[in-house]
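Asker: One structure, pasted below without further comment.
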Amino acid sequence: MSRVTTLRRMHRISPDGDIRRADSLAVEEPLEIRIGGQSLTITMRTPGDDIDLIHGFLLSESIITNAQDLISARYCAGTDENGQNTYNVLDLTLRTPMRLRARSFITTSACGLCGKTALDEVRTRTRFPIPADGPTVHTDMLSTLPGKLRTKQKAFAATGGLHAAGLFTTDGTVLAVREDIGRHNAVDKVIGWALRRELIPAHDLVLIVSGRSSFELVQKAAMAGIPVLGAVSAPSSLAVDLAADAGITLIGFLRGDTMNVYTRIHRVSR
């Protein structure tokens, strides 16, 4: 079994009787990102597509603009109790050196950052402003995207415990789908995939996420120049504020043939 999923023993209790068996769970492990040997950050993620993950993360944090800004990414030595490499530390070399002590990341909802400060932070840092007009997406096409996303969620089908993010063309073609224990990591993975294929700024793509849309997810879409973000569940208030400010069409409760369009409805046709 891959490191995306793992087995744990469990005792299932039900009206039909008890069952003891192995259950498939999503793997959650830390990934430490270093630059030139110095620790930048640690994120809890599901192993896999780590190179896409770091590209998307670095773009979201305005550390790189294109794939060429990241010269190399090397897994550092580190072993588990069985002597196998854990692949949980990546050391990066950037084209332009940076002073880590001067870095501060955009704070998320866990940190109590006020709304206006957060909006101003994204507005001043994005290098790919979204054009006011942008692409038009049809409601019939949008209604198919959650299903297309779900069919690509192989690890979710096995565990029920992973988020997903997918990039689509405006005609509904699937470009990339990534899964992760963290919804922000799943988004970083698909954005990193696009960056490595020179598809950023993604002014003609649609981003779909499997859960809710938080401020952080809208921020990542804004930093990548993605004009349309759809979610199966609800947005937060600050996510709507940021989407309006950044020029993103934000769609929530995208289920079947119904959806809530919170911002920039001019891109949605019927």
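Asker: Pull up the range 18-77, narrow it to residues that are of a type in the set (S, T, N, Q), out of contact with any strand residue (DSSP E or B) (no Cβ under 7 Å at 6 or more places or on another chain) and not in a loop (DSSP other than H, G, I, E, B), then point me to the one that is surrounded by the most Cβ atoms within 10 Å (Cβ to Cβ).
Answerer: Ranking the candidates gives 60 first.
Asker: Does residue 211 satisfy the condition of being surrounded by fewer than 24 Cβ atoms within 10 Å (Cβ to Cβ), among the small types (Gly, Ala, Ser), within 28 Å of residue 28 (Cα to Cα) and within 15 Å of the chain's Cα centre (by Cα)?
Answerer: When the stated conditions are applied, residue 211 passes them.
Asker: Give the residues of the range 140-186 that are farther than 18 Å from residue 214 by Cβ, in contact (Cβ under 8 Å) with a residue 60 or more places away in the chain and part of a loop (DSSP other than H, G, I, E, B), sorted by residue number.
Answerer: Matches in the range 140-186: 161 only.
Results for (1) at pLDDT 95 or above; (2) within 18 Å of the chain's Cα centre (by Cα), shown as yes or no for each residue.
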position: 118; (1), (2): no, no
position: 125; (1), (2): no, no
position: 134; (1), (2): no, no
position: 139; (1), (2): yes, no
position: 153; (1), (2): no, yes
position: 159; (1), (2): no, no
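Asker: Determine whether the range 142-149 contains at least one residue that is at negative phi, among the hydrophobic types (A, V, I, L, M, F, W, C), modelled with pLDDT of 95 or more and touching a helix residue (DSSP H, G or I) at 6+ places or on another chain (Cβ under 6 Å).
Answerer: No, the conditions are met nowhere in the range 142-149.
Asker: Suppose we filter 242, 229 for residues that are surrounded by 24 or more Cβ atoms within 10 Å (Cβ to Cβ) and assigned to a helix (DSSP H, G or I); which single one remains? Give the derivation first.
Answerer: Details: 229 fails: assigned to a helix (DSSP H, G or I).
So the residue among 242, 229 that is surrounded by 24 or more Cβ atoms within 10 Å (Cβ to Cβ) and assigned to a helix (DSSP H, G or I) is 242.
Asker: Looking only at the range 1-17, which residues are among the basic types (Lys, Arg) and outside any loop (DSSP other than H, G, I, E, B)?
Answerer: Going residue by residue through the range 1-17, those that are among the basic types (Lys, Arg) are 3, 8-9, 12.
Once the filter is applied, which keeps residues that are among the basic types (Lys, Arg) and outside any loop (DSSP other than H, G, I, E, B), the range 1-17 yields 8, 9, 12.
The values are calculated or read from the model by the stated rules, or taken from the named source; none is laboratory data. These figures come from a predicted structure and were not determined experimentally. Neighbour counts run over all protein chains shown; Cβ positions are idealised from the backbone, glycine included.
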